[in-house]
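First comes the structure, then the notes that go with it.
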Amino acid sequence: MARAFTLCLVLLALLGCAPMRDDGNPTVSHAFDQPRETALGRAFAEAESQHPGQSGFRLLNNGVSALMTRAALADRAERSIDFQTFIFDADEVGAFVLDHLIAAARRGVKVRILLDDYQLGLDDRILARLDAEPNMEVRLFNPFPDRMRWSRSLQMMMGLDHLGKRMHNKVFVVDNQAVLLGGRNISNLYFEAEGESNFRDIELLAAGPVARQASTSFDTFWNSAMVTPVAAFGLDGHAADAAERLDDLLRLNEEEVGPAAEYRRRRAEYLQRVSGPQGLTWAPARVIAEPPVRQEAGAAKSSAEIARAHAIARQDATREVVYESAYFVPGDRGVEVLGELRRRGVAVTVLTNSLASTDVVAVHASYALYRPALLKAGVRLYEYRTDAKRPEPVGDTMRRGRPDSALHAKIVVYDRWRVWVGSANFDPRSRHLNTEIGVMIDSEALAAQVLAGIERDFAPSQSWRVELAPERGASGLVWIGEQDGHETRRDTDPDAGPWRGLDALFYTVLPGIEELL
């Protein structure tokens, strides 16, 4: 024990001396600003003129369609792709997305890739090889100063005030005309590809002014002091080992099943879907984004634009507010806010992950502390089941792996006419640490589509309804759902098992954990 402790101290000291690499004096660049010069821009021009100041939206309710839409947009790109994400895994989905980004760059499209460094699954050699592609540049948000992956936990322990601040934004803008906004990262888990489980998520394909607004946010990050070009790490992207690493990953696209095979089969269909305004719902909307501010140590993020937008929407609400939020830790203030809505006669419904379905037990442990107070305040509370069925795309042949579900959506609907879709969760990390982005839309038609899309998520076969029951069980709660078509009740967190319960208990008593979640 003593030797291990000494070794840890030595490693920490060494890491503490590791210098942040030079930023390479990155070139300032901005989004392509003439979308009408592209086929996409011309295709949407008439519809935009018929809906001045409004943007067009299409709901992407399942993972396969969302992934194929990314490929189709990249294939339609003529001038630019600006791509920003929190997680990028080196798996089938990652290989599929990279294949289309590389193809776009090789035909002359300017491709800018901005990745958060915290959970990045692409190693630095792959990043260097991508950065060496003509017309492609890769930058990292708040990179770890030491590039050895094994040291990241130690670096995080030492530099939590700085390294704990992450870029949670997800943006995919093509020709500054069309944009994807929502919560999906780039990983098998988000798109129904092979894996132990898959996330239930929702996002939007949008065209018009919101694409330009998202591009403005992207530019702010791209040119920020919080961002470092991959070129600054000094790796040779043309070296044989870098090319081999990328080639090994891209070979996943040669499989007879999986994302690439599915897209080859249905490419024409998806290209048609993104090539014009057919099927879009037009409405006033505004992209709201947190800036990449470098905060002083220990300080909360300086911008609260997203929080203010939701505060205004709550004040305007008179009938109901519906939340579908993967990570829901309201805190005392959040309980008070939702309780105030109930006292004004506004119905409040919340769906979040159950202990069995969550991929972050620590978040659920903190959320669970507020369940009794939320229920006493009159909030209707639902928890997503791990055996919930996700919406299936018509004609899909890609699905494989285990069907276990977890919720990842970040949606709020106010009074069935105002809709929020974005990257921000209802938790302290989204409020105080991460940067986030989303879009607030005023549209009864789109609100109806979103609610119809998530309606079955609240069904008893999909989610457990949580109610107060002080006479039953140690928790004082009861979970009501459906089993084989019949109502069933549970006295403890359903389907979680004892080890998950112990994990949750550990995080419940761990001091100071909530503000990091």
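Worth pointing out:
- Just one residue in the set Leu127, Leu101, Leu122, Leu189 is open to solvent by 10 Å² or more (accessible area, probe 1.4 Å), aliphatic (A, V, I, L, M) and not in a strand (DSSP E or B); that residue is Leu189.
- Close pairs (7 angstrom Cβ cut-off, 6 or more residues apart or separate chains): farther than 13 Å from Tyr384 by Cα and at pLDDT below 90 in region 397-419, open to solvent by less than 60 Å² (accessible area, probe 1.4 Å) and part of a strand (DSSP E or B) anywhere: Arg402/Ser197
- Flag if Thr349 is at pLDDT 95 or above and either in contact with a Leu (Cβ under 9 Å, 6 or more places away or on another chain) or within 30 Å of Glu255 (Cβ to Cβ) (or both): yes
- Any chance Phe88 is of a type outside the set (Lys, Arg) and over 23 Å from Ala242 (Cα atoms): no
- Candidates in region 38-94 are the residues that are open to solvent by less than 40 Å² (accessible area, probe 1.4 Å) and part of a loop (DSSP other than H, G, I, E, B); of these, the one that is farthest from Pro259 (Cα to Cα) is Thr38.
- Per-region count, region 464-505, residues in contact with an Asp or Glu (Cβ under 6 Å, 6 or more places away or on another chain) and not in a strand (DSSP E or B): 2
- Failed item in (1) modelled with pLDDT under 95; (2) in contact with a Leu (Cβ under 6 Å, 6 or more places away or on another chain); (3) not hydroxyl-bearing (Ser, Thr, Tyr), with Arg58 passing the rest: (1)
- Meets criteria (buried (at least 20 other Cβ atoms within 10 Å of the Cβ), over 21 Å from Arg286 (Cα atoms) and either in contact with a helix residue (DSSP H, G or I) (Cβ under 9 Å, 6 or more places away or on another chain) or small (Gly, Ala, Ser) (or both)) for Ala31: no
- Taking region 313-331 as the range and being at pLDDT 95 or above and assigned to a helix (DSSP H, G or I) as the test, the residues that pass are Ala313, Arg314, Gln315, Asp316.
- Condition check for Thr281: in contact with a strand residue (DSSP E or B) (Cβ under 9 Å, 6 or more places away or on another chain), among the hydroxyl-bearing types (Ser, Thr, Tyr), modelled with pLDDT of 95 or more and open to solvent by 70 Å² or more (accessible area, probe 1.4 Å): no
- Residue check for Met136: out of contact with any Phe, Trp or Tyr (no Cβ under 7 Å at 6 or more places or on another chain) and surrounded by fewer than 16 Cβ atoms within 10 Å (Cβ to Cβ): no
- Residues (more than 10 Å from Val322 (Cα to Cα) and not in a strand (DSSP E or B)) located in region 404-420: His408, Ala409, Trp417
- The residues in region 422-442 that are open to solvent by less than 10 Å² (accessible area, probe 1.4 Å), charged (D, E, K, R) and within 23 Å of Asp316 (Cβ to Cβ) can be counted, and the count is 1.
- Residue satisfying all of: in region 427-463; of a type in the set (Asp, Glu) and in a helix (DSSP H, G or I); farthest from the chain's Cα centre (by Cα) among these: Glu444
- Residues that are under 18 Å from Leu181 (Cα atoms) and not in a strand (DSSP E or B) within region 277-291 comprise Pro277, Gly279, Leu280, Pro284, Glu290, Pro291, listed in sequence order.
Okay, residues lined up against (1) touching a residue at least 24 places away in the same chain (Cβ under 8 Å); (2) buried (at least 17 other Cβ atoms within 10 Å of the Cβ); (3) touching a strand residue (DSSP E or B) at 6+ places or on another chain (Cβ under 9 Å); (4) closer than 16 Å to Arg416 by Cβ:
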residue: Ile306; (1), (2), (3), (4): yes, yes, yes, no
residue: Ala317; (1), (2), (3), (4): yes, yes, yes, yes
residue: Glu324; (1), (2), (3), (4): yes, yes, yes, yes
residue: Pro330; (1), (2), (3), (4): yes, yes, yes, no
residue: Glu336; (1), (2), (3), (4): no, no, no, no
residue: Glu340; (1), (2), (3), (4): no, no, no, no
residue: Val346; (1), (2), (3), (4): yes, yes, yes, yes
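The values are calculated or read from the model by the stated rules, or taken from the named source; none is laboratory data. None of these values were measured; they are calculated from a predicted model. Using ideal geometry, Cβ is built from the backbone for each residue, glycine included, and neighbour counts are taken over all protein chains shown. Just so you know, the surface numbers come from the protein's heavy atoms only, side chains and all, with ligands and any DNA or RNA stripped out. Shrake-Rupley method; radii C 1.70, N 1.55, O 1.52, S 1.80 Å.
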